[in-house]
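Notes to accompany the following structure.
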Amino acid sequence: MIANLVTATRSSGAPLTADSKHLLDVDSLSPEQIQTLGSRAIEFRQLRASQPFKSDSLRGGSIYTLFFENSTRTRVSFEHAGKALGADVINIAASTSSVNKGESLLNTVLTLDAMGIDALIVRHPHSGAPHFIARHVNAVVINAGDGAHGHPTQALLDVLTLQDHLGNLKGAKLALIGDILHSRVARSDIIAFRKMGVEIAIAGPPTLLPEGWTPGPNSLGIPGTEVTVHETVEDAVRDADAIMCLRLQLERQTSGLLPDVNEYSRVWGINAERLALASPGAPVMHPGPMNEGLEVSTDIAHGDLSLVENQVENGLVMRMAVLEHFCAPTREIA
Ligand code: NCD
């Protein structure tokens with residue numbers, strides 16, 4: 001257990017108070033906390049750039065990743081982040097666990113918790129699963145994506161990536177394009193970017209927008225989550241300071257919502273012609289995994305204005321900042 005840890009140094013940023021034990025959604029973070037986690041992530045990025053980075057700030061701690069859905073970058077970056085901070089990280093894929101023998105979610109997490117773990121990083125296809133788990137275990141629970149509901153660390157790394165590029169986010173316009181209805185990234189990004197003062201322009205097939213959303217002002221129903229829905233992708237990206245493409249969440253779509261994926265690319269895909277409507281130099285982001293050629297053309301996905309790889313690097317250092325904060329909140333931070 002992480003109990004008597006060495007003191008880590010934090011050289012910048014406002015003090016983080018552990019007002020919530022878990023990271024279940026980005027709603028629970030203030031703009032100042034988002035900023036402080038970002039500053040710490042930047043410090044980790046600098047440390048990693050100048051030397052092979054290894055810290056022992058979570059030494060003695062054990063972190064389990066429990067993924068009930070596929071993942072490459074999120075799971076690997078959490079594992080890498082935990083190890084870089086000195087923790088023991090154990091990965092459990094639900095497909096190879098006793099879940100396959102019929103063990104319930106509750107009994108699975110109670111079993112893991114009984115091992116005396118410090119943190120459980122959870123990805124689950126059902127919205128609210130990490131919240132349910134957090135009510136039953138002693139470990140810190142970090143949501144690594146629950147259904148179409150939330151993906152807080154993705155939102156944190158997306159904010160950091162755009163802030164790196166634009167400097168000040170206040171008043172910037174972000175175009176969020178695609179499957180808003182099923183995307184937990186869209187939901188968490190809207191909450192986080194709005195907290196940071198970003199204006200959000202939305203476009204996507206009407207069947208893939210949240211119920212009741214029509215062109216004009218809309219919101220997630222949470223104060224401060226106002227967005228503007230546009231009828232066409234051209235209207236949404238015009239003068240945008242950045243574009244975020246979203247993956248078509250085919251695994252979450254009921255049939256009939258999208259008659260033809262090629263038609264999707266023709267009407268909603270981001271390509272050079274559409275990018276040219278945005279502000280000069282506006283970058284393109286995508287949380288990955290990309291359906292290249294569908295949501296975004298290959299030349300743009302790998303072009304000079306793509307921030308996709310920056311998002312991946314920031315995913316690692318942001319998860320280091322998150323693990324450091326949430327897994328060792330009682331440590332003295334100088
Ligand atoms: C996202 C996810 O799983 O929600 N991927 C990720 O974590 N980088 C986005 C997606 O699957 O489309």
TODO: May I ask you to verify whether Ile177 is under 19 Å from Glu295 (Cβ atoms) and of a type in the set (Val, Ile, Thr)?
DONE: yes
- [ ] Would you mind telling me which numbered condition in (1) within 16 Å of the ligand (Cβ to nearest atom); (2) in a strand (DSSP E or B); (3) in contact with an Asp or Glu (Cβ under 8 Å, 6 or more places away or on another chain) Ile142 fails?
- [x] (3)
Task: Hits in the stretch 22-44 (condition: within 15 Å of Ala81 (Cβ to Cβ) and in contact with a Lys or Arg (Cβ under 7 Å, 6 or more places away or on another chain)) - done: Arg40
Open item on the list: I'd like to verify a number: residues in the stretch 57-82 that are farther than 18 Å from Asn314 by Cβ, crowded, with 20+ Cβ neighbours inside 10 Å and within 16 Å of the ligand (Cβ to nearest atom), how many?
Closed with: 4
TODO: Would you mind stating whether Ile90 is surrounded by fewer than 22 Cβ atoms within 10 Å (Cβ to Cβ) and assigned to a strand (DSSP E or B)?
DONE: yes
Open item on the list: I'd like the full set of residues that are aliphatic (A, V, I, L, M), more than 16 Å from the ligand (Cβ to nearest atom) and either crowded, with 16+ Cβ neighbours inside 10 Å or within 24 Å of the chain's Cα centre (by Cα) (or both), limited to the stretch 253-279.
Closed with: Leu275, Leu277, Ala278
Open item on the list: When the residues of the stretch 28-56 are narrowed to those that are among the charged types (D, E, K, R) and modelled with pLDDT of 95 or more, which ends up surrounded by the fewest Cβ atoms within 10 Å (Cβ to Cβ)?
Closed with: Glu32
Task: Verdict on Val159 being away from the ligand (no atom under 14 Å from the Cβ) and under 12 Å from the mean Cα position of the chain (by Cα) - done: yes
TODO: Note down all Cβ pairs under 7 Å where the first residue falls in the stretch 57-72 and is closer than 10 Å to Ala94 by Cα, the second is within 13 Å of the ligand (Cβ to nearest atom) and in a loop (DSSP other than H, G, I, E, B), and they're at least six residues apart or on different chains.
DONE: Phe68/Pro125; Glu69/Pro125
TODO: Starting from the stretch 93-110, keep only residues that are assigned to a strand (DSSP E or B), then list their pairs with residues that are surrounded by 14 or more Cβ atoms within 10 Å (Cβ to Cβ) whose Cβ atoms are within a distance under 7 Å, requiring at least 6 positions of separation or different chains.
DONE: Ala93/Phe67
Open item on the list: What pairs come out if I take residues in the stretch 206-232 that are without any contact (Cβ under 8 Å) to a residue 24 or more places away in the chain and pair them with residues that are exposed (fewer than 13 other Cβ atoms within 10 Å of the Cβ) and β-branched (Val, Ile, Thr) whose C-beta lies under 9 Å away, six or more apart or interchain?
Closed with: Pro206/Thr214
Task: Qualifying position, being surrounded by fewer than 17 Cβ atoms within 10 Å (Cβ to Cβ), within 14 Å of the ligand (Cβ to nearest atom) and among the aliphatic types (A, V, I, L, M), among Leu294, Leu246, Leu307, Leu250 - done: Leu250
- [ ] Would you mention how many residues in the stretch 227-240 are assigned to a loop (DSSP other than H, G, I, E, B) and either crowded, with 22+ Cβ neighbours inside 10 Å or in contact with an Asp or Glu (Cβ under 9 Å, 6 or more places away or on another chain) (or both)?
- [x] 1
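The values are calculated or read from the model by the stated rules, or taken from the named source; none is laboratory data. Fair warning: this is a prediction, and the values are worked out from it, not measured in the lab. Every residue, glycine among them, receives a Cβ derived from its backbone with ideal geometry; neighbour counts consider all protein chains shown.
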